[in-house]
Amino acid sequence: MNSQSLAFIKTNIPTILAISVALVIAACSPEATSPAGNPETAPPITINDVLSQEHRDEGHIKRDKYRNPATTLEFFGIKSEMSVIEINPGRGYYLEILAPFITGNYVVAGNYDLEAESDYVKRSTKVLYDKLESSIIYKNVEIAHFDTNTLDVSDSSVDAILTFRNIHSFAGSNGAKSSFKLFFDALKPGGVLGVVQHRAVDVPENAYLDSFPASELEKTGYMPEDYVVSLAESEGFTLEEKSEINANPLDSGKHPRGVWTLPPSLSMGDENKAEYLRIGESDRMTLKFRKPQS
């Protein structure tokens with residue numbers, strides 16, 4: 001220490017002592033040790049807290065009235081400390097909600113490869129990577145490879161797997177059954193599989209259970225509920241509960257371009273747009289499956 005530093009300290013001892021005493025008093029005060037004043041014991045963030053955060057896409061916020069995220073995640077029993085996999089998160093509607101909420105492991109699983117031959121895969125990968133790089137909120141999100149033959153996570157390692165509006169894609173590639181097997185293997189005993197899927201109506205019971213696809217129904221995006229339940233049960237899941245949280249009685253399921261006729265896609269452009277907006281997003285089943293404890 002040089003002479004100038006020593007001189008400064010000597011001439012400012014009263015001030016330094018006063019500051020030191022103040023810091024000690026502050027550290028020992030009730031406010032400093034109370035739960036409300038300690039960030040480590042602050043109340044955990046809730047889904048409703050996340051829904052009002054500024055990082056969310058405006059278009060996604062407009063879909064909340066159809067997708068009911070807080071009620072849906074509560075129905076599935078999703079807690080912040082859980083390890084959760086979301087299958088094929090698309091443009092990140094639930095990614096925006098789950099990333100800041102989950103304090104355990106949050107994994108998005110899909111076929112992501114910027115060097116893939118498929119333009120669709122490359123586009124999907126760029127959408128995801130751009131989203132993850134857009135905010136520090138996503139810094140802890142993990143990525144795992146998923147296709148209908150592979151889910152790159154350890155067996156019996158996950159508390160919950162969520163898949164939103166994906167089953168028709170699995171069926172279209174003849175991978176629905178294998179996908180449910182992958183989900184079952186990845187979940188811990190007692191783990192939850194949460195499924196939201198566009199729901200076909202006026203389909204003969206069990207019409208698709210033996211030889212799906214018996215038609216091109218999966219290309220409409222709509223799936224029979226009994227078919228989805230049967231798929232899960234055939235791989236060992238138990239249907240614990242179903243809900244009408246995401247039902248839409250205005251949706252007949254009969255549209256020129258399937259579910260993509262309705263918002264948010266509105267694939268018919270301006271043709272009958274007002275009517276499709278009146279209907280809103282698709283009618284959806286909401287199913288909670290559980291992997292048995294043993």
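The values are calculated or read from the model by the stated rules, or taken from the named source; none is laboratory data. Fair warning: this is a prediction, and the values are worked out from it, not measured in the lab. Here the Cβ positions follow ideal geometry from the backbone for every residue, glycine too, while neighbour counts run over all protein chains shown.
At-a-glance table
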| quantity | calculated |
| --- | --- |
| The listed residue being exposed (fewer than 13 other Cβ atoms within 10 Å of the Cβ), charged (D, E, K, R) and within 15 Å of the chain's Cα centre (by Cα), out of GLU142, GLU133 | GLU142 |
| Cβ-Cβ under 8 Å pairs, at least 6 apart or on other chains, the stretch 179-204 side among the charged types (D, E, K, R), far side in a strand (DSSP E or B) and at pLDDT below 95 | ARG199/MET223 |
| Selected residue (criterion: nearest to ASN174 (Cα to Cα)) from residues of the stretch 231-258 that are buried (at least 18 other Cβ atoms within 10 Å of the Cβ) and modelled with pLDDT under 95 | LEU231 |
| The lone exception for LEU217 - which of (1) under 27 Å from TYR66 (Cβ atoms); (2) among the hydrophobic types (A, V, I, L, M, F, W, C); (3) at pLDDT 95 or above it fails | (3) |
| Selection count where residues are of a type in the set (Gly, Ala, Ser) and surrounded by 15 or more Cβ atoms within 10 Å (Cβ to Cβ), scope the stretch 268-294 | 2 |
| Any hit, the stretch 265-277, residues being modelled with pLDDT of 95 or more, in a loop (DSSP other than H, G, I, E, B), assigned by TED's automatic domain parsing to the domain that holds LYS62 and among the aliphatic types (A, V, I, L, M) | yes |
| Matching residues in the stretch 104-144 - criterion: being in contact with a helix residue (DSSP H, G or I) (Cβ under 7 Å, 6 or more places away or on another chain) and either assigned to a loop (DSSP other than H, G, I, E, B) or among the hydrophobic types (A, V, I, L, M, F, W, C) (or both) | VAL108, ASN111, TYR112, ASP113, LEU114, ALA116, LEU132, ILE137, VAL141 |
| Residue in the stretch 186-197 that is within 26 Å of THR148 (Cβ to Cβ) and modelled with pLDDT under 95 present | no |
| Subset of the stretch 198-214 [modelled with pLDDT under 95 and either small (Gly, Ala, Ser) or under 26 Å from VAL158 (Cα atoms) (or both)] | ALA200, ALA207, SER211, ALA214 |
